[in-house]
Amino acid sequence: MPSVRTHTLQRRSMLHRWHRRKGAQFAEQDGSLIVTRYGSQADEGSAARKLGLCDLSTMPRTGVTGAGSTDWLAALGLSVPETPNRAVRQPGGDALARLSDNEYLLLGTRWLARDGSPAGFTEFSDHPDQRVYALPRLDSHCCLALTGTHAVEALSKICAVDFRPHAFADGNVAQTSIAHLPAIVIRHDLHQCPCFLVLVTSVAAEYALEAILDAMAEFHGSPVGLQALQS
């Protein structure tokens, strides 16, 4: 009887094939494949400081909604934003964004630290409060990080929101459209380097990626891997 080989399934980004075509190098992190770098670029850290785009679609994230969600999150020990369209960094390194009075999005942004790990990420899987409902976000949306000194200029070409620092500071959230796609944009600066987390529906992930890269072309931006953001 032939032997049966078993394979560990790794979560992949909906943009995985695009990355392979571009010569990406991958690593596994907590059961997910992530792009660490692209072989064609010698110094992606420098590229990210100027203008880079990183796919974070396998980064842990989840959501919750309901009339009891604010109190429930606070009871979990999370720092809850006081008003909608704000995000607060948590002590562990993650970010909790408030999208409305009762809707929240938690992103595992501890991945962006040099020694970042998803270990300890809070999953909203058990809701003893009947006024709290899960809103899974990992498969519904892709997540792209646009970084660098020219990030605001690139975004302004495909979005009408004023993303300049005096109007859109670190921790601000915009529910808007990017290249005619509904999007959530969260400013999450990395060591004083501008960084915008852009979430759009998964079915339009490649279109969104190409649209942002096209907007970056004028400023010689490029795709980068996670290592560049961690540096």
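The values are calculated or read from the model by the stated rules, or taken from the named source; none is laboratory data. As the structure is a computational prediction, the values presented were derived from the model and not from experiment. Backbone-built Cβ (ideal geometry, glycine too); neighbour counts: all protein chains shown. Just so you know, the surface numbers come from the protein's heavy atoms only, side chains and all, with ligands and any DNA or RNA stripped out. Shrake-Rupley method; radii C 1.70, N 1.55, O 1.52, S 1.80 Å.
Note on the stretch 192-225: residues that are among the hydrophobic types (A, V, I, L, M, F, W, C) and open to solvent by 10 Å² or more (accessible area, probe 1.4 Å) total 7.
Figure legend. Inter-residue proximity from the stretch 164-183: first residues free of Cβ contacts under 8 Å to residues at least 40 places away in the same chain, second residues among the aliphatic types (A, V, I, L, M) and assigned to a loop (DSSP other than H, G, I, E, B), beta-carbon distance below 6 Å, spacing 6+ or different chains. Indicated pairs: T176/V161; I178/I158; A179/I158. Just one of (1) in contact (Cβ under 8 Å) with a residue 12 or more places away in the chain; (2) in a helix (DSSP H, G or I); (3) open to solvent by 50 Å² or more (accessible area, probe 1.4 Å) fails for P136. It is (2). As a summary of the residue check, Q130 satisfies the conditions (1) open to solvent by less than 70 Å² (accessible area, probe 1.4 Å); (2) at pLDDT below 95; (3) farther than 29 Å from L15 by Cα except for the one numbered (1).
Pick from the stretch 163-191 the residues that are part of a loop (DSSP other than H, G, I, E, B) and open to solvent by less than 60 Å² (accessible area, probe 1.4 Å): which of them is farthest from R98 (Cα to Cα)? Write out each step before concluding.
If we filter the stretch 163-191 for residues that are part of a loop (DSSP other than H, G, I, E, B), which is where we start, we get 163-171, 179-180, 188-189, 191.
Within this subset, residues satisfying the condition of being open to solvent by less than 60 Å² (accessible area, probe 1.4 Å) are 163, 167-169, 171, 179, 188-189.
Values: F163: 18, A167: 18, F168: 15, A169: 15, G171: 10, A179: 23, H188: 14, D189: 17 Å.
Filtering first and then ranking leaves A179.
Yes or no, residue by residue, for (1) within 27 Å of Q25 (Cβ to Cβ); (2) within 14 Å of the chain's Cα centre (by Cα):
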{"position": "Q130", "(1), (2)": "no, no"}
{"position": "L144", "(1), (2)": "yes, yes"}
{"position": "H150", "(1), (2)": "yes, no"}
{"position": "A154", "(1), (2)": "yes, no"}
{"position": "D170", "(1), (2)": "no, no"}
{"position": "T176", "(1), (2)": "no, no"}
{"position": "E210", "(1), (2)": "yes, no"}
{"position": "H220", "(1), (2)": "yes, no"}
{"position": "S231", "(1), (2)": "yes, no"}
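Among the listed residues G45, G108, which satisfies the condition of being in contact with a Pro (Cβ under 8 Å, 6 or more places away or on another chain) and either open to solvent by 50 Å² or more (accessible area, probe 1.4 Å) or small (G, A, S) (or both)? Only one candidate passes the filter, namely G108.
Taking the stretch 80-100 on its own, how many of its residues are of a type outside the set (K, R) and closer than 18 Å to L112 by Cβ? Step through it out loud before you land on a result.
Here is the first cut: in the stretch 80-100, the residues of a type outside the set (K, R) are 80-85, 87-88, 90-97, 99-100.
If we keep only those that are closer than 18 Å to L112 by Cβ as well, we get 87-88, 90-97.
Adding up the residues that qualify gives 10.
Scanning the stretch 48-92 for residues that are surrounded by fewer than 17 Cβ atoms within 10 Å (Cβ to Cβ), of a type in the set (G, A, S) and within 17 Å of the chain's Cα centre (by Cα) yields a single hit, G92. Residue pairs whose Cβ atoms lie under 8 Å apart, sitting 6 or more positions apart in sequence or on different chains, and linking a residue in the stretch 66-90 that is at pLDDT 95 or above to a partner that is in a helix (DSSP H, G or I), are V80/T70; V80/L73; V80/A74; R89/T109.
Within the stretch 9-33, the set of residues being part of a strand (DSSP E or B) and either small (G, A, S) or surrounded by fewer than 15 Cβ atoms within 10 Å (Cβ to Cβ) (or both) comprises A24, Q25, A27, E28, S32. Scanning the stretch 136-178 for residues that are small (G, A, S) and modelled with pLDDT under 95 gives a single hit, S140.
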